[in-house]
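For reference, the structure is listed below as structure tokens.
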Amino acid sequence: DKSDKYDSRDVERLQQDDKWVENYLIWRHDVVDDTLKMIDESFQWRKEYTVNDLSESVLPKWLFEIGALFLHGYDKEGYKLFWFKVKHHTRDPKQQLEKKKLVAFWLEHYAKRDHGKPLTVVFDMAETGISHIDLDFVRFIVNCFTDYYPNFLTKIVIFEMPWIMNAAFKIVKGWLGPDAISMLKFTNKNDVQEYISGEYLPPHMGGTDSFKYSYPPLVDDDFQTPLCENGPITSEDEHESKEEIDADTKEAGEMNEAQNLNQKKMNSVEQISKSEETDKTEVKPKNAKKALTTFKGPLLHISPAEELYFGSKETGEKKCLIVLTNVTKNVVAFKVRTTAPEKYRVKPSNSSCEPGTSLDIIVSLHGGFAASLQDRFLIMAAEMDQSSGAGVPELTQFWKEVPRTKVMEHRLRCHVIESSKPSSLTLKDNTINIPAKTNEDLHIQLTHLLQINRRVEEQMNRCLWFQQLSVVLSLLSVTVAAFCFYLAYAQRS
């Protein structure tokens, strides 16, 4: 439909983004008519709520300040948690539209940022009562996942639902449908850790997460702590480590990684061992680049595109390579952040890349730590003026002044390989092999196989129907021919 009931940007994306189309089909079990109906309804909704133009500036500040909705942490399967603190929500028809737009803002914000990776919704109903029941708002949240954002929901974790709300949630179940009902998980303090580990649960839910929501700034996927190049900084060696980081960052803007390692002096902390330095100098980035998938951003091309592959404790593979390629005509400044700064060291973590050149970043696990599916990395990049320097003071001042709208952000998640075979994205013994399949990849392949099987079955049924029809028509033709011969013979007689 080329009418103006859709946002042209959504139509253009639908024509170009195969993954988006595939998610609609998967969510509607590959039934084309149902898929088209969902696309029609969701596109109309997206235009009505101006989803593509929602930002912090167009929504009231108090909506963010109350902290009823936000993204923070991951469940045990590595999916992002979308929190709804019900006790902070109050019914008010005058504010309902703005609150619904806040939901749309968060969902669109995450969908664009993490390429549509599904969410786990957590309804924290601790300290709530009848005054907090707002079925219209709950129905809107449910509709977002069932009708507007395809294949975007993994599960709904409901924590400590008061008995007085049982009747209300019977109504909610009627809205969900059979597929979504199976995703409902009613929990309390004793069993909520079946789905979410304690590190991402607040104390009142039996966890150890000290996170306290506040605004501003916008809660940004937990990337609040800058990543250090040489692992965690302790109070005893903070001064020396900072000096080493500054020196390495300055060198990184002038020479490649191998030269840095040759010229670098060991400090008193001795956080990088000689064996690890030898591994780095033996790496052949040219070979590694060929095996990596690539995210093509407006400023940098980043390989790998989505995941860093680390080994388990048994395999012992603790290093990964990230390749940045500057595709602009200006110097691009970049820095790397992580959700687990105590685990990782990165070289370089804050530097710049010259126009048309590639730069290799080594990510390695610190000490005896192991990678986790919940760990994330954030690569931030922005263009610098030709007149700007690339030293540490210039970069520090640049990141203080650059507008957020001009910063490109790309996120990478961790994948732990249980197999003893090294991956193409791990740097060990200079080997390049095919990475192991993720559960998500296997799920997609299984879905494709089921869809193909369904199509083959439909075609077989259609062939059988045509075959039966052909037999009937053939018998009918023979009968008519025999009858005609009989009439002709009778007339001659």
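Of the conditions (1) in contact with a strand residue (DSSP E or B) (Cβ under 6 Å, 6 or more places away or on another chain); (2) in a loop (DSSP other than H, G, I, E, B), ASP385 clears all except one; give me its number.
Of everything listed in (1) in contact with a strand residue (DSSP E or B) (Cβ under 6 Å, 6 or more places away or on another chain); (2) in a loop (DSSP other than H, G, I, E, B), ASP385 misses just condition (1).
Which condition number in (1) under 18 Å from the mean Cα position of the chain (by Cα); (2) part of a helix (DSSP H, G or I); (3) under 30 Å from THR405 (Cβ atoms) is the one that GLU22 fails?
(3)
Can you pull out every residue in segment 122-171 that is surrounded by fewer than 16 Cβ atoms within 10 Å (Cβ to Cβ) and not in a helix (DSSP H, G or I)?
Correct list: GLU127, GLY129.
Assuming THR120 fulfils every condition listed in (1) free of Cβ contacts under 8 Å to residues at least 60 places away in the same chain; (2) more than 21 Å from THR90 (Cβ to Cβ) apart from one, which condition is it?
(1)
From the residues in segment 310-327 that are modelled with pLDDT of 85 or more and open to solvent by 20 Å² or more (accessible area, probe 1.4 Å), which one is farthest from LYS343 (Cα to Cα)?
The extreme case among them is VAL327.
Within segment 344-387, which residues are over 13 Å from ASN326 (Cα atoms) and open to solvent by 30 Å² or more (accessible area, probe 1.4 Å)?
Those that are over 13 Å from ASN326 (Cα atoms) and open to solvent by 30 Å² or more (accessible area, probe 1.4 Å): ASN350, HIS366, GLY367, GLY368, PHE369, ALA370, LEU373, ASP385, GLN386, SER387.
Looking at segment 132-163, which of its residues are more than 23 Å from the chain's Cα centre (by Cα) and of a type in the set (A, V, I, L, M)?
Once the filter is applied, which keeps residues that are more than 23 Å from the chain's Cα centre (by Cα) and of a type in the set (A, V, I, L, M), segment 132-163 yields ILE133, LEU135, VAL138, MET161.
When segment 388-397 is examined, which residues are found to be modelled with pLDDT of 80 or more and either among the small types (Gly, Ala, Ser) or open to solvent by less than 30 Å² (accessible area, probe 1.4 Å) (or both)?
LEU395
State all residues of segment 474-493 that are open to solvent by 90 Å² or more (accessible area, probe 1.4 Å) and either in a helix (DSSP H, G or I) or in contact with a helix residue (DSSP H, G or I) (Cβ under 9 Å, 6 or more places away or on another chain) (or both); if no residue qualifies, say none.
Once the filter is applied, which keeps residues that are open to solvent by 90 Å² or more (accessible area, probe 1.4 Å) and either in a helix (DSSP H, G or I) or in contact with a helix residue (DSSP H, G or I) (Cβ under 9 Å, 6 or more places away or on another chain) (or both), segment 474-493 yields LEU475, LEU476, VAL478, PHE483, PHE485, TYR486, TYR489, GLN491, ARG492.
Being part of a loop (DSSP other than H, G, I, E, B) and open to solvent by less than 40 Å² (accessible area, probe 1.4 Å) is the filter here; which residues of segment 37-95 pass it?
Within segment 37-95, TYR49, LEU54, SER55, LEU59, PRO60, GLY67, ALA68, ASP75, GLY78, HIS89 meet the criteria.
PHE137 - would you say it is among the hydrophobic types (A, V, I, L, M, F, W, C), touching a Cys at 6+ places or on another chain (Cβ under 9 Å) and in contact (Cβ under 8 Å) with a residue 40 or more places away in the chain?
No.
The values are calculated or read from the model by the stated rules, or taken from the named source; none is laboratory data. Please read these numbers as outputs of a predicted model, since none were measured by experiment. A quick note on method: Cβ atoms are made from the backbone with ideal geometry, for glycine too, and the neighbour counts reach across all protein chains shown. Just so you know, the surface numbers come from the protein's heavy atoms only, side chains and all, with ligands and any DNA or RNA stripped out. Shrake-Rupley method; radii C 1.70, N 1.55, O 1.52, S 1.80 Å.
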